[in-house]
Protein chains: 2
Amino acid sequence: MRVFRVPQEWRKPEGARVGFVPTMGALHEGHLSLMRQARRECAVVVASIFVNPTQFGPNEDYERYPRDEAEDLRLCESVGVDAVFAPDVRTMYPRRTTVVAVRGVTERWEGAFRPGHFDGVTTVVAKLFHIVQPDAAYFGLKDLQQCAVIRRMVEDLNFPVELRFCATVREPDGLAMSSRNRYLTSEERRRASSLYRALCECRSEAAEGRSLAITLDRVRMRLEQEGFAVDYVAWIDPQTMDPVDRLKEDSRLIAAVRLGGVRLIDNIGLHED
Amino acid sequence: MRVFRVPQEWRKPEGARVGFVPTMGALHEGHLSLMRQARRECAVVVASIFVNPTQFGPNEDYERYPRDEAEDLRLCESVGVDAVFAPDVRTMYPRRTTVVAVRGVTERWEGAFRPGHFDGVTTVVAKLFHIVQPDAAYFGLKDLQQCAVIRRMVEDLNFPVELRFCATVREPDGLAMSSRNRYLTSEERRRASSLYRALCECRSEAAEGRSLAITLDRVRMRLEQEGFAVDYVAWIDPQTMDPVDRLKEDSRLIAAVRLGGVRLIDNIGLHED
């Protein structure tokens, strides 16, 4: 497995389908499942490991975000990644004078709670796409709004990249895998799984035909009783991220909560995850 | 020569160097010189013809901008272009939710007189680069700030495109070729050439060691006497577009003026154009 630190060291192989998995490191089974899917579908698999400062707000966890490159590289190699791009901040941002900004789909939910976050995401993904030049790129549906934002960017700017969105990978108790789970104390970790259970109950109630507004009131109350501070919980259209007041086949239930100092997000569809 | 109207019709040929000349049509010798240079340097030459609405301000000449596709295609063919991308507005902008924005180098001069102009330019050039996937792209130095802005975008976002900036082509009397010159009445056309002469005199004075501020006062006065309204005239660094108060080898003299209802821009270096 090759590791490259500067864009000039990478040359896209001609005639081989290149699959790309961008990450911020701190790899877990969710990332590895993306890499395995890329491995099945592409001749060449490239991952990136870069904790992107521009997608963190000033009061967020950029400094303490978990970093363990040696372990991450070992994990990439274990699932058959061919090359890892692991640049430093100065290589990626000699200047920060150009921004790729998506409007509309970025404005609610994570965009409202994390101002500037999605501009950081779209700009770094645009840079990584230009550096790696993948045929296909793999993202986890756990970050549902990120998927919607990147899909919109790729469509609006005609990026020649096929997007592959992959199912959330969960712990045995249902907690969605996330690099930030390691911030949880063992007591918080035990309680964190009720987020997924509460979402599943909400889905059952909605499937039984209750009004969506009522299902949302109830899940919010349940989450608060479990000790979560609720940033949002909503039924949405996954293309536009707009709220829906009636379920369609592709509607999803999204939530962001805080438990102690840790922010957790999750989402489920009507029949999956 | 192929003409394609939607991105899906174009497939980048493998292993062949692709040169790209983006235009808004109304082609003149300036455009053709870019296409000829691309022809000399690349195996495949692609041009685009698209009058991009997002780079025109609300009071600008989008509606009356000259359009003659049949003649433009004939000219492309005459210089050996292989393929022309000529989309309609709806194909290029089913939505306008994503913008590529460059800060700093966009703010003065054309950016100040044409708010939003460069966001329109960078966004459409990003789209065209993704659609055509050129190895090299050709731009005329007549639009000097546009060259600086695109260079900055390509560097900041790591576009895998080599930029080629080519000398301004002039009429026999010195007027820089521009699609907008056809708006000039014959009387205005006669007077328009004094823009270039005034810039050349200013350069001579600066080369003799006069203070740049004094050379700019004098050229501004000369232009106003000739009947031009002067938007700006300045000595600048062509990388940053910042004004300079002392000449360096790459300093350039830039100007924008209005003559009747027509806006003209031009620029010269110390030894060229």
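Whether any residue in the range B:205-217 is of a type in the set (Gly, Ala, Ser) and in contact (Cβ under 8 Å) with a residue 40 or more places away in the chain is what I want to check. Looking for residues that are of a type in the set (Gly, Ala, Ser) and in contact (Cβ under 8 Å) with a residue 40 or more places away in the chain, one finds at least one in the range B:205-217, hence yes. So for the range B:221-231 (the condition being surrounded by 13 or more Cβ atoms within 10 Å (Cβ to Cβ), of a type in the set (Lys, Arg) and touching a Cys at 6+ places or on another chain (Cβ under 9 Å)), does at least one residue qualify? Taking every residue of the range B:221-231 in turn, at least one turns out to be surrounded by 13 or more Cβ atoms within 10 Å (Cβ to Cβ), of a type in the set (Lys, Arg) and touching a Cys at 6+ places or on another chain (Cβ under 9 Å). Every condition in (1) more than 16 Å from A:Ile131 (Cβ to Cβ); (2) within 14 Å of chain B (Cβ to nearest Cβ) is met by A:His28 except one, and the failing one is (2).
Within the range A:3-34, being over 14 Å from the mean Cα position of the chain (by Cα) and within 13 Å of A:Gly80 (Cβ to Cβ) holds for one residue alone: A:Gly19.
Every residue, every condition in (1) more than 20 Å from the chain's Cα centre (by Cα); (2) at pLDDT below 95; (3) more than 25 Å from B:Arg191 (Cβ to Cβ), yes or no:
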site: B:Tyr232; (1), (2), (3): no, no, no
site: B:Gln239; (1), (2), (3): no, no, yes
site: B:Val244; (1), (2), (3): yes, no, yes
site: B:Leu253; (1), (2), (3): no, no, no
site: B:Val257; (1), (2), (3): no, no, no
site: B:Gly261; (1), (2), (3): no, yes, no
site: B:Leu264; (1), (2), (3): no, no, no
site: B:Ile268; (1), (2), (3): no, no, no
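Evaluated against (1) at pLDDT below 95; (2) within 13 Å of chain B (Cβ to nearest Cβ), A:Asn59 falls short on exactly one condition, (2).
Residue by residue through the range B:86-110, note down the ones that are of a type in the set (Gly, Ala, Ser) and within 13 Å of chain A (Cβ to nearest Cβ). Before the answer, list the steps.
Restricting attention to the range B:86-110, the residues satisfying the condition of being of a type in the set (Gly, Ala, Ser) are B:86, B:101, B:104.
Within the range B:86-110, B:Ala101, B:Gly104 meet the criteria.
Candidates in the range B:121-170 are the residues that are among the small types (Gly, Ala, Ser) and buried (at least 20 other Cβ atoms within 10 Å of the Cβ); of these, the one that is nearest to the other protein chains (Cβ to nearest Cβ) is B:Ala126.
Taking (1) in the same structural domain as B:Arg39 (by TED's automatic domain parsing); (2) surrounded by fewer than 21 Cβ atoms within 10 Å (Cβ to Cβ) in turn, B:Asp173 satisfies each apart from (1). Select from the range A:155-204 the residues that are part of a loop (DSSP other than H, G, I, E, B), under 16 Å from A:Leu144 (Cα atoms) and of a type in the set (Ser, Thr, Tyr) and list them in ascending order. Within the range A:155-204, A:Thr168, A:Ser178 meet the criteria. Restricting B:Arg246, B:Arg258 to residues that are part of a strand (DSSP E or B) and exposed (fewer than 15 other Cβ atoms within 10 Å of the Cβ) narrows the list to B:Arg258. Exactly one residue among A:Asp88, A:Asp61 is out of contact with any Asp or Glu (no Cβ under 7 Å at 6 or more places or on another chain) and loosely packed, with under 13 Cβ neighbours inside 10 Å, and that residue is A:Asp88. Within the range A:46-73, the set of residues being within 15 Å of A:Arg263 (Cβ to Cβ) and charged (D, E, K, R) comprises A:Glu60, A:Asp61, A:Arg64. There is no residue in the range A:67-85 that is within 19 Å of B:Val154 (Cα to Cα), of a type outside the set (D, E, K, R) and within 14 Å of chain B (Cβ to nearest Cβ).
Among the residues of the range A:132-146, is there at least one that is among the charged types (D, E, K, R), in the same structural domain as A:Phe20 (by TED's automatic domain parsing) and under 30 Å from B:Thr91 (Cβ atoms)?
Yes, some residue in the range A:132-146 is among the charged types (D, E, K, R), in the same structural domain as A:Phe20 (by TED's automatic domain parsing) and under 30 Å from B:Thr91 (Cβ atoms).
Among all positions in the range A:92-111, there is at least one residue which is under 27 Å from A:Ala43 (Cβ atoms), at pLDDT 95 or above and buried (at least 18 other Cβ atoms within 10 Å of the Cβ). Does A:Met1 fit the bill of being of a type outside the set (Val, Ile, Thr), more than 12 Å from chain B (Cβ to nearest Cβ) and crowded, with 20+ Cβ neighbours inside 10 Å? Answer is no for this residue. Residue count for the range B:109-119 satisfying the condition of being over 15 Å from B:Arg152 (Cα atoms) and either in contact (Cβ under 8 Å) with a residue 60 or more places away in the chain or among the aliphatic types (A, V, I, L, M) (or both): 6.
The values are calculated or read from the model by the stated rules, or taken from the named source; none is laboratory data. Everything quoted here is computed from the prediction, not taken from an experiment. All Cβ positions, even for glycine, are placed from backbone atoms using ideal geometry, and neighbour counts span all protein chains on display.
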